[in-house]
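*Asks:* This is the structure, below, for whatever I ask next.
The values are calculated or read from the model by the stated rules, or taken from the named source; none is laboratory data. No experiment lies behind these values; they were computed from the predicted model shown. Backbone-built Cβ (ideal geometry, glycine too); neighbour counts: all protein chains shown. The area values use the complete protein model at the heavy-atom level, side chains included, leaving out ligands, DNA and RNA. Shrake-Rupley method; radii C 1.70, N 1.55, O 1.52, S 1.80 Å.
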Amino acid sequence: MVKEKIKVENFNLYFKDKKVLNNINLSIFENKVTAIIGPSGCGKSTLIRSFNRMNDFYNAKVDGKIIFDGININDRNIDLSNLRTKIGMVFQKPNPFPFSIYDNVAFGLKVKGINDKSFIDEKVVKSLKDVWLYDEIKDRLFDSAMSLSGGQQQRLCIARALANDPEVLLLDEPTSALDPKSTQKIEELLEVLKKKLTIIIVTHNIAQAGRISDYTLFIYLGEIVEFGETKKMFTAPENKKTEEYITGIFG
Amino acid sequence: MLKDRIESLKKELIDYSLFIQKMFEDSIFSLKNHDLKLSEKILKEMEDFANRKEVEIENECVSIIATNQPVASDLRTLFTILKINNDLERIGDHCVNISSRVDSLKSEKIFERNKDLEKIYIVVKRMFEDSIKSFVNGDINLAKEVLEEDDNVDMLRDKIVKEIISGINKCEGDSFLEIVIMDVARNLERIADLSTNIAEDTIFMITGKSVKHHFEKI
């Protein structure tokens, strides 16, 4: 039985006067991977950034609701820092901070004011183990994070998000800058992480959406064209536009 | 490009189906007319070609799937091609079974001896041709007509078997010939089943729904 983790109701988003997302209604299910697909400029990244209010940085105006744990996250008095801890995010390009590997993972905890060293140590090791990075770098925890390969840096960014014990992980094209082997590792990692987390991923790679997601959302021109189980959508999509997009006729 | 490769593979499959249709007609012709030369050709040359062609189409299908990761209608078309390809090869095997009876029959004309055999052949031939037509034209109604015919074939086959067993029990007629008639009827009925498979797979290709065993309605 699937449980709803996030519910989007009549959600619209505007940048200045331009409506970028139009009447989005959607359920994100717990411990499932939901892939957002669609051609460039369709609103995928804007939608994923709506789940932890990252569009606030771009002066977006919104109406409608995004309900997470019973609370509308678009409410003005919401604690954004707390929201972004619970709904973590990883971006397209790995963006480790110019600190050591250890400090990157410990960053969120220290920002929250946690000073207990043994707690932080434990959390750093666990998070690095959770992304299968610990064994690769355990002898150089205090080396610069910049010394890691692209794939390792991306896993470090996931570990940094995991250290905050998020309930939802947002990934905006997390493997588009990675080689096939590093991509495979991240995909395998998501399969394991979804047992503990709810995952939403934006991807341009249709085959990747098919491989890793339980649900797929196809957006076109800021509107939902089709949402449903990935296995169904990739075998027999309901909508002609979805069919045309995933078979490469357009986009 | 993926679409071009699928289109070209579809043409290959259609050519293959025309070959198997000819093999089917020839196998019945050789039986009706006691044409040993034709039955030899089916057993030695046509079966070999049919087997090689099946492998060729299968390899191309696997290669397209491996290199293009097709989805939606492309994926359904490729799976349908793969399954019809296998069905055609099995129809070829039944044609071989029918042809292999020609030698043992001497000059006996079994189609004249049992009129129901001709009836069943006419229905099965139409089912086979229509199943391929439905695939070629994406014609769901024609595919459904094929499914509806299957029960008629089963009934005709049962009638033949029942009458023959009753005759054997009464020690009437030539038992060997009756067994051959029963065997040919059984092979024809299997060709009808395989034509039904082709029609069901065609419906899946068009609608994405499986109508096998009446699990889903269209």
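*Asks:* So, in Å, what gap is there between the alpha-carbon centers of segment B:1-42 and segment A:25-81?
*Replies:* Spelled out, the Cα-based centre of one part sits 58 Å from the other.
*Asks:* Any idea which of B:Leu177, B:Ser131, B:Leu142 is furthest toward the positive side of the dipole for chain B, if Lys and Arg beta-carbons carry +1 and Asp and Glu beta-carbons -1?
*Replies:* Towards the positive end, the residue furthest out is B:Leu142.
*Asks:* Any idea what the relative contact order of segment B:2-214 is, in percent, if you count C-alpha pairs under 8 Å spaced at least 6 apart?
*Replies:* Details: 239 pairs, mean separation 56.8, N = 213.
Relative contact order of segment B:2-214: 27 percent.
*Asks:* Treating only the Cβ of Lys, Arg, Asp and Glu as charged (+1, +1, -1, -1), what charge dipole size does the protein assembly as shown show about its Cα centre? Round to the nearest 20 debye.
*Replies:* Details: 69 positive and 77 negative charges, 425 e Å.
Value, rounded to 20: 2040 debye.
*Asks:* Let me ask something additional. Would you mind telling me the antiparallel percentage of the DSSP bridges in chain A, rounded to 5? If you can, show how the numbers build up before the last one.
*Replies:* Numbers: 25 of 42 bridges.
Taking every DSSP beta bridge with both residues in chain A, the antiparallel ones total about 60 percent.
*Asks:* Test of understanding: given chain A, find the longest segment containing no chymotrypsin sites (Phe, Trp or Tyr not before Pro) that are in a DSSP loop and have at most 11 other Cβ atoms within 10 Å. Write out the running numbers ahead of the final one.
*Replies:* Details: sites that count: A:Phe142, A:Phe250.
Here the longest segment lacking exposed loop sites spans A:1-141.
*Asks:* May I ask you to rank B:Phe135, B:Phe176, B:Phe204 by accessible area, largest first, using a 1.4 Å probe over the protein chains only?
*Replies:* Values: B:Phe135 5, B:Phe176 95, B:Phe204 55 Å².
Ranked list, largest accessible area first: B:Phe176, B:Phe204, B:Phe135.
*Asks:* Past 24 Å, Cα to Cα, is the threshold; run A:Lys126/A:Lys231; A:Lys196/A:Lys231; B:Lys83/B:Lys209 against it and keep the listed order. Don't skip to the answer; put the middle values down first.
*Replies:* Details: A:Lys126/A:Lys231 33 Å; A:Lys196/A:Lys231 22 Å; B:Lys83/B:Lys209 15 Å.
Table pairs above 24 Å Cα-Cα are A:Lys126/A:Lys231.
*Asks:* Could you give the spread of the C-alpha atoms of segment B:2-214 along their three principal axes, from largest to smallest, in whole angstroms?
*Replies:* 62, 37, 22
*Asks:* What value, in deg cm²/dmol to 500, does the helix sum -39500 (n - 2.57) over DSSP H runs of n ≥ 4 give at 222 nm once divided by the residues of chain B?
*Replies:* Working: 8 runs with 177 residues, N = 218.
The helix-only estimate for chain B comes to -28500 deg cm²/dmol at 222 nm.
*Asks:* If you place +1 on the Cβ of every Lys and Arg, -1 on the Cβ of every Asp and Glu, and leave all else neutral, what size is the dipole of segment A:50-165 about its Cα centre, to the nearest 20 Debye? Write down the numbers at each step before the final one.
*Replies:* Numbers: 17 positive and 15 negative charges, 49 e Å.
Magnitude of the dipole: close to 240 debye.
*Asks:* Related question: Highest GNM mean-square fluctuation, chain A, Cα pairs closer than 10 Å: which of A:Ile199, A:Ile71, A:Ile28?
*Replies:* A:Ile71
*Asks:* Can you compute the charge dipole magnitude of chain B about its Cα centre, using +1 on each Lys and Arg Cβ and -1 on each Asp and Glu Cβ, nothing else charged? Give it in debye, rounded to the nearest 20.
*Replies:* Details: 33 positive and 44 negative charges, 28 e Å.
My answer is approximately 140 debye.
*Asks:* Which of the aspartates and glutamates could a cross-linker bridge to B:Lys37, judged by Cα under 14 Å and excluding same-chain residues fewer than eight apart?
*Replies:* B:Asp26, B:Glu45, B:Asp103
*Asks:* Now for a different question. Considering every residue in B:68-80, what mean count of other chain Cβ atoms within 10 Å of its Cβ is obtained? Before the final figure, lay out the partial values.
*Replies:* Values: counts 2, 7, 5, 15, 12, 7, 4, 6, 2, 0, 0, 1, 0.
Other-chain Cβ atoms within 10 Å of each residue's Cβ, averaged: 5.
*Asks:* Roughly how big is the B-A contact, given as buried accessible area in Å² (both sides, 1.4 Å probe, nearest 100)? Intermediate results must be reported in sequence, preceding the final value.
*Replies:* On the way: alone 11000 and 12240 Å², together 22540 Å².
The summed interface area works out to 700 Å².
*Asks:* So if we plug the beta-carbon distance of B:Asp116 and B:Ser175 into 1/(1 + (r/R0)^6) with R0 = 30 Å, what FRET efficiency do we get, rounded to 0.05? Walk me through the numbers before you get to the answer.
*Replies:* On the way: r = 18 Å, r/R0 = 0.60.
FRET efficiency, B:Asp116 to B:Ser175: 0.95.
*Asks:* Can you pull the percent of the protein assembly as shown's accessible area that's carbon plus sulfur, 1.4 Å probe, other chains left in place? Write down the numbers at each step before the final one.
*Replies:* Numbers: 11500 of 22540 Å².
Of the solvent-accessible surface of the protein assembly as shown, carbon and sulfur hold 51 percent.
*Asks:* Suppose we keep just the DSSP beta bridges with both residues in the protein assembly as shown; what percent of those would be antiparallel, to 5?
*Replies:* Values: 25 of 42 bridges.
The answer is about 60 percent antiparallel.
*Asks:* A further question follows. Taking the Cα of A:Lys7, stepping 7 Å toward and past its beta carbon, and measuring to each backbone N in segment A:50-72: which are under 16 Å?
*Replies:* Only A:64-72 pass the distance filter.
*Asks:* If you don't mind, another one. How far is it, in nm, from the label point at B:Leu2 to the one at A:Phe15 when both lie 7 Å from their Cα along the line to the Cβ?
*Replies:* 2.9 nm
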